[in-house]
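Some notes on the structure that comes next.
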Amino acid sequence: MSSTAAAAEPPGPAREFAAAFAANRGALTAFFVFAAIVLGALLAPWLAPHDPVQQFRDHMLAPPLWQAAGLAQFPLGTDELGRCILSRLLHGARVSLGIGLAAVALALLPGVALGLLAAFRPRWLSPLIMRAMDILLALPGLLLAICVITILGPGLVNTVIAIAVGALPGYVRLARGAALGELQKDYVTASRLAGAGTLRLMFDTVLPNCLAPLIVNATLGFSSAVLETAALGFLGLGVQPPLPEWGSMLSAARDYIERAPWTVTMPGLAILVTVLSVNLMGDGLRDALDPKLRSAS
């Protein structure tokens, strides 16, 4: 009797989410691709055949292994300085993904806090916060990042700060809008009547019910951060050589696009596959976290 009741028991939210996400073939495939990229980045010191800054002067612009003059010791060829492209891609993934993750965290945490403050203090604090966010939104994200980099100077840490500043308004507006929608519901009124304080209402009552859109936005924001990192590196304003980074690899290889196209193709494909997989994962997360979209599918 108990086994029958257990079998008839409806699945929990975690199982429903996993089933809905797994039903999206594109998102599931993207998850495994992105997991392989992350694993390659984490294991780069052991997977990379060479040091990413080591130069092999006798093998400058060596073609990939599958071409006629390719060498087994350089599976994806070498760049204009004789450095192994595969090694630089693996170590560059650590830099690009690390910057993307740090920038999202640096924008998400204060963005959520400011958004909740704006929702809970609509009379005097909300106008101040939202007007400041409107000023930041007046500039495109990449242009704002370039302005911040110009002030702070190029470098890894400053790249994270510049991308986070550009992404901050989106999280503030999203957190405020989601919180305002939750504040009108009965469970918040019941919590207020039960004596819950403002901080408890913010972070214990309202915030957990606002997490779904924030998670989706953070996932898509991660792909944007990777793209902006590559763009800043391409312009010479991001991570500085000799540290490997996909955008700076593209910038250094653009003069050899006809003579050695693989020097441009490899980092370009790395950026494309990473951003595409994260975007597909974001779409899958959105569908799996939204009960309406989940029931429609």
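Annotation: of all residues in the range 111-126 being touching a Leu at 6+ places or on another chain (Cβ under 7 Å) and surrounded by fewer than 23 Cβ atoms within 10 Å (Cβ to Cβ), the one that is farthest from Q67 (Cα to Cα) is L125. Screening the range 176-287 for helices (runs of 4 or more DSSP H) wholly inside it with 2 or more residues that are farther than 30 Å from R123 by Cβ returns the ranges 211-234, 246-253.
Just to be sure before I move on: is I129 surrounded by fewer than 14 Cβ atoms within 10 Å (Cβ to Cβ) and over 21 Å from R254 (Cβ atoms) in the structure I sent? Considered against the rule, which asks whether it is surrounded by fewer than 14 Cβ atoms within 10 Å (Cβ to Cβ) and over 21 Å from R254 (Cβ atoms), I129 comes out as no. Taken over the range 211-246, the criterion of being among the polar types (S, T, N, Q) and under 16 Å from the mean Cα position of the chain (by Cα) is satisfied by N217, T219, S223, S224, T229. Would the range 235-257 turn up any residue that is among the charged types (D, E, K, R) and surrounded by fewer than 20 Cβ atoms within 10 Å (Cβ to Cβ)? Yes, there is a match, as at least one residue in the range 235-257 is among the charged types (D, E, K, R) and surrounded by fewer than 20 Cβ atoms within 10 Å (Cβ to Cβ). Of the residues in the range 172-185, not one is buried (at least 19 other Cβ atoms within 10 Å of the Cβ) and within 16 Å of T229 (Cβ to Cβ).
Among the residues in the range 180-188, are any over 22 Å from P140 (Cα atoms) and of a type in the set (F, W, Y)? So far as the range 180-188 goes, yes, one or more of its residues are over 22 Å from P140 (Cα atoms) and of a type in the set (F, W, Y). Based on this model, can you work out whether I271 counts as surrounded by fewer than 19 Cβ atoms within 10 Å (Cβ to Cβ) and in contact with a helix residue (DSSP H, G or I) (Cβ under 8 Å, 6 or more places away or on another chain)? No, not satisfied.
Checking L232, L276, L272 one by one, the residue that is without any contact (Cβ under 8 Å) to a residue 12 or more places away in the chain and either more than 20 Å from G82 (Cα to Cα) or touching a Cys at 6+ places or on another chain (Cβ under 7 Å) (or both) is L272 and no other. Checked across the range 183-197, the condition of being aromatic (F, W, Y) and in contact (Cβ under 8 Å) with a residue 60 or more places away in the chain holds for no residue. So A260 clears everything in (1) of a type in the set (G, A, S); (2) more than 22 Å from S87 (Cα to Cα); (3) over 25 Å from the mean Cα position of the chain (by Cα) except one condition, right? Which one? Only one criterion is unmet by A260, namely (2).
In the set (1) at pLDDT below 95; (2) under 28 Å from L285 (Cβ atoms); (3) in a helix (DSSP H, G or I), the condition left unmet by A7 is number (2).
Give all pairs with beta carbons closer than 8 Å in which a residue from the range 52-75 that is more than 19 Å from I257 (Cβ to Cβ) meets a residue that is of a type in the set (V, I, T) and not in a helix (DSSP H, G or I); count only pairs at least 6 apart in sequence or on separate chains. Pairs found: F56/T78; H59/T78.
In summary, helices (runs of 4 or more DSSP H) completely within the range 62-156 and bearing 3 or more residues that are of a type in the set (G, A, S) and closer than 25 Å to P49 by Cα occur at 85-120. Here G177 clears all of (1) at pLDDT below 90; (2) over 30 Å from A48 (Cβ atoms) except the condition numbered (1).
The values are calculated or read from the model by the stated rules, or taken from the named source; none is laboratory data. As the structure is a computational prediction, the values presented were derived from the model and not from experiment. For neighbour counting, all protein chains shown are included, and Cβ atoms are generated from backbone atoms with ideal geometry for every residue, glycine included.
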